[in-house]
Amino acid sequence: MKVLYFAWLRERVGAGSEDVDASGASTVAELIETLKARDPRYAAAFADLAAIRVALDQEQADLEAPIAGVREVAFFPPVTGG
Amino acid sequence: MSVRVQTEDFDIRAEIDVLTQDRADIGAVVTFTGLVRDLAGGEPISAMELEHYPGMTEKALAEIEAEANARWPLQGTAIIHRYGKLSPGDRIVLVIAASAHRQAAFEGAAFLMDFLKTRAPFWKKEETPEGGRWVDARCEDDAAAERWRKS
């Protein structure tokens, strides 16, 4: 699946977008664990889960949401537009 | 109804004209314009970079606009939000709500802004003398959106 990162998450991960093999992860929280195990950059980016929001196929979701069938997962901090 | 996400500036008068031309059923137009300030938390700001999530941003704004139109008798609405690099004094965002009477227009415009601030995927980074700094979300904004929750 395609995984996107925005704002300081993008900076900490070092990429705005990447393809991730998420087989084995059934929820957003499990996907985060998979990513954190890959590289210390992800562990740093996802250190504080309270500061992280997620969208599944461009709809806001929570960390316990299932990701089966999802094509695009986006991680970002709380929004600050306007 | 219209939603635009763009780098270019906008002309408030021209946007009002688009909503009101050739019709006489609109009695009230409320606009809100957000500007970049040169000070944040007591620190000088030299520039601001706005990032967004292309695709989701337009979708989220259209949903917010549809909800405002479902809740108030609005004859026209518009949301324009800029992204990219902006300087102090620059316009960031414009919302317009037009209605037969002022109350729906005032409330519709406030609702659009309150929900935009908590739901639309934009992020601001301020340039300060100490370097770039991502703006933190404010709990006042959550409280402002919460007051529109239907009981």
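The values are calculated or read from the model by the stated rules, or taken from the named source; none is laboratory data. Fair warning: this is a prediction, and the values are worked out from it, not measured in the lab. Glycine also receives a Cβ, built like all others from the backbone with ideal geometry; neighbour counts cover every protein chain displayed. Protein only, heavy atoms only, side chains kept; ligands, DNA and RNA dropped before computing areas. Shrake-Rupley method; radii C 1.70, N 1.55, O 1.52, S 1.80 Å.
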Screening A:D48, A:D57 for residues that are under 23 Å from B:E51 (Cβ atoms) and either in contact (Cβ under 8 Å) with a residue 12 or more places away in the chain or in contact with a strand residue (DSSP E or B) (Cβ under 6 Å, 6 or more places away or on another chain) (or both) leaves only A:D57
Considering only strands (runs of 3 or more DSSP E) wholly within the stretch B:40-151, the ones with at least 2 residues that are farther than 22 Å from B:D11 by Cα are B:122-128, B:131-134
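Does B:R13 satisfy the criteria of being modelled with pLDDT under 95 and farther than 16 Å from A:T80 by Cα?
Criteria not met by B:R13.
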Go over the candidates B:K124, B:K85 one by one and state the one that is within 12 Å of chain A (Cβ to nearest Cβ), open to solvent by 10 Å² or more (accessible area, probe 1.4 Å) and at pLDDT 95 or above.
-> B:K124
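Only one residue in B:P88, B:P44, B:P121 is within 19 Å of A:F6 (Cα to Cα) and touching a Ser or Thr at 6+ places or on another chain (Cβ under 8 Å). Which one?
Just a single option satisfies the conditions, and that option is B:P121.
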In the stretch B:3-59, the residues that are free of Cβ contacts under 8 Å to residues at least 24 places away in the same chain and of a type in the set (S, T, N, Q) | B:Q21
In the list B:A100, B:A68, B:A105, which residue meets the criterion of being over 25 Å from A:R53 (Cα atoms), open to solvent by less than 20 Å² (accessible area, probe 1.4 Å) and touching a strand residue (DSSP E or B) at 6+ places or on another chain (Cβ under 8 Å)?
-> B:A105
Considering only residues of the stretch A:1-23 that are open to solvent by 80 Å² or more (accessible area, probe 1.4 Å) and without any contact (Cβ under 8 Å) to a residue 60 or more places away in the chain, which is farthest from the other protein chains (Cβ to nearest Cβ)?
-> A:S23
Output the residue which, of all residues in the stretch A:61-82 that are in contact (Cβ under 8 Å) with a residue 40 or more places away in the chain and of a type in the set (D, E, K, R), is nearest to the other protein chains (Cβ to nearest Cβ).
-> A:E72
